[in-house]
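Here the structure is laid out as C-alpha cells; the discussion comes afterwards.
The values are calculated or read from the model by the stated rules, or taken from the named source; none is laboratory data. Keep in mind it's a predicted model, so treat the numbers as computed, not measured. Heads up, the Cβs are rebuilt from the backbone with ideal geometry, glycines too, and the neighbour counts pull from every protein chain shown.
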There are 2 protein chains.
Amino acid sequence: MHTDSGLKKMLSANIEIRDYLAGLIKQSRLKQNERLPSERELVEQFKSTRITVRDALSKLESEGLIYRSNRRGWFVSPPRLEYDPSSRVNFYLLAEQQQRTPATELISQKRIKGPQVARTTLAVAADEKLIELVRLRSLDGRPVLYEFIYLPESRFPELMKKDLEGSLTTLMQRDYNVEITHEDNRICVSAVYDQVADALSHINGAPCLEIRRIRYEGERKAVEFDIEHWVHSAIELRIPSH
Amino acid sequence: MHTDSGLKKMLSANIEIRDYLAGLIKQSRLKQNERLPSERELVEQFKSTRITVRDALSKLESEGLIYRSNRRGWFVSPPRLEYDPSSRVNFYLLAEQQQRTPATELISQKRIKGPQVARTTLAVAADEKLIELVRLRSLDGRPVLYEFIYLPESRFPELMKKDLEGSLTTLMQRDYNVEITHEDNRICVSAVYDQVADALSHINGAPCLEIRRIRYEGERKAVEFDIEHWVHSAIELRIPSH
DNA sequence: CAGTGGTCTAGACCACGAT
DNA sequence: TCGTGGTCTAGACCACTGG
C-alpha cells in the first residue's frame, strides 16, 4: 500500500469556485469594489448549490480578497489600509496619505458607568462616570472600523459639547493639554455581533481584527481606553521596531 | 407603522446554540482543551441540523473560544499566548514564561530560488539560492504556528547542517555573528490552505493571523524574511510603544 | 471498525436593499 | 415589488481518527 501523501489532492468544488473567482480578481477582470455575480448565478454557472458557493465566498472573505455588504452582495476588496497603531498619525491623515477618502460618524455619546474592564483600566473612583463614544469610520464610503472609546469624565469636562468626529488626540491635546507619553496595544482576531456587525455590514459572528488600546499621560496614568473592531480585509498593521 | 429598530431581535437558532456553548465555556463547565459534544449530538439536543450547528461552532471559532482538530472534534481554547513581535524573546522562553510547553518540528529545509517576494526583500543576486526552512510550532501539543523562513545562503553557509529547531536568532548570533538592528512586521488576517491548513489541523480557507517579518542587520541589509501563519485563537499580539 | 468532522445536494422561507 | 443574501431543513457520502 502506498499513501496519497505525494499526490495532488482532488479539488473540491468549493475550492474550484474559489480559485475561479480569485483568478478573476487577480487578473483584474473584477475590479476593486465591483460586485461579484450573485450567489444564485454562481450556483448555475458551477452546477452547484448555495452552500458550496457560500463556502467558496467565505474562504475568499477570510483571505481578504472580497467583502460583503449585508444583503447587497459581495464585492472585491480594495488594497488594505496600512496602519501603524503606535504612530500618532490620525485616521484622516492616514487615509489621505493612501489616497483614500475617510469619514467618521459619531454613533453615540454617553455618560455611563461603562464596562468593568474600562473602569479598572482607567482606575476611576467608584462614583465617577465614564464618557463612552461610539464611532463608525469609513473609507471611500465603506464602513471599516467600529470603535468604543472610554474616557474618565473628570479629566475631560465638557467633552460632550465638542466636535467628536475628528481626531481625539488633537482635541485632547488642544483643549485639555493632554500629552500622550506611551500606549499599550493588544491585537487579536475576534468576532463581531449585533450593532457592531450591523454597522460594518457583516453577519453575526464574522471574524474581525480587534485592537484594544490604553493611552497614558505620564508613567502610569491611563486617560483613554479604546476597543476597535476592524473589517479584517480593510487593514494591515505595520509594526516597525527599534 | 413602527419599525423594529428599538426592539430586541429574535434569536436565530445558530446564535442560541452559540450562546449556550459560550455559557458553558465561560462558566468553566467545559474546561480548556476539553472536547465539545459532537456535532450530531448538538443536532439532537437542539432539534436542529448540522448546517446550523456548524454555523454556531464557526462563530465560536472566529471569536477564539474554541478550535478544531481535523476530524477529531472541537475543543475549548486555552488562554491566548501573549506575543510581542518586536521583543527579542524567543518562542521557547515566551511559552515557558506563560506556563506553556513549546515544541518545534522542522518540516523541511531546502536550497531553492524561493518566492519572488523573498528574493526581492533579501536583495539576492540572480543566481544566488535561498535557504527555506519550514517549521511547525506547538503549545501543549497543539499546533499553533506554521512558518516559512527565507535566508540568503551566502550569509549563512553550512546553515543546513545546524540544529534548526531551536531559536534562529540565537544561532545566527552565535555562529554567524549577526546582530539584528531592527525589523519590520506586517500583520493581517489571512487564510490557510493545503499543507499549512493540514498541519494546523484546519480546513482549507480557515482564517489565520499572518505575520510577515523582515529582519535587518545594519540600516538596510535584510538578512531574514519570515511568513508566519498563526492559529488565530492561540495568540494575542501585544505592542507597547514609546 | 465505529464515530468524527468535511463536503455536498436540493430545496425552503425570511429580512432587507434597491428601485 | 423583485432580487439579494441570511438562515434553515433533512438528508447523503466521503476521508480520516482512534480504538
Going through (1) of a type in the set (Val, Ile, Thr); (2) outside any loop (DSSP other than H, G, I, E, B); (3) facing chain A (nearest Cβ under 9 Å) one by one, B:VAL196 fails only at (3)
Going through segment A:145-170 in order, the residues found to be in contact (Cβ under 8 Å) with a residue 12 or more places away in the chain and either among the basic types (Lys, Arg) or under 12 Å from A:LYS129 (Cβ atoms) (or both) are A:TYR150, A:LEU151, A:PRO152, A:GLU153, A:SER154, A:ARG155, A:PHE156, A:LEU159, A:MET160, A:LYS162
Here the residues within segment A:181-225 that are among the basic types (Lys, Arg) and touching a Leu at 6+ places or on another chain (Cβ under 8 Å) are A:ARG186
Within segment A:59-102, the residues that are out of contact with any helix residue (DSSP H, G or I) (no Cβ under 9 Å at 6 or more places or on another chain), under 22 Å from A:ALA197 (Cα atoms) and not charged (D, E, K, R) are A:SER69, A:PHE75, A:PRO79, A:PHE91
- Message: Among the residues in segment B:65-79, are any more than 24 Å from B:SER138 (Cβ to Cβ) and not assigned by TED's automatic domain parsing to the domain that holds B:VAL231?
- Response: no
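Every residue, every condition in (1) surrounded by 17 or more Cβ atoms within 10 Å (Cβ to Cβ); (2) in contact with a strand residue (DSSP E or B) (Cβ under 8 Å, 6 or more places away or on another chain); (3) more than 14 Å from every other protein chain (Cβ to nearest Cβ), yes or no:
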| residue | (1), (2), (3) |
| --- | --- |
| B:LEU11 | no, no, no |
| B:GLY23 | no, no, yes |
| B:SER28 | no, no, yes |
| B:LYS31 | no, yes, yes |
| B:LEU60 | yes, yes, no |
| B:LEU81 | yes, yes, no |
| B:LEU93 | no, no, yes |
Condition check: at pLDDT 95 or above and within 14 Å of chain A (Cβ to nearest Cβ). Does B:ASP19 satisfy that? yes
Worksheet entry | Test: residue in segment A:167-182 that is surrounded by fewer than 20 Cβ atoms within 10 Å (Cβ to Cβ), part of a loop (DSSP other than H, G, I, E, B), within 23 Å of the chain's Cα centre (by Cα) and modelled with pLDDT of 95 or more | no
Going through segment B:193-230 in order, the residues found to be surrounded by fewer than 19 Cβ atoms within 10 Å (Cβ to Cβ), small (Gly, Ala, Ser) and more than 16 Å from DNA strand C (Cβ to nearest atom) are B:GLY218
Over segment A:33-53, the set of residues basic (Lys, Arg) and more than 6 Å from DNA strand D (Cβ to nearest atom) is A:ARG35, A:LYS47
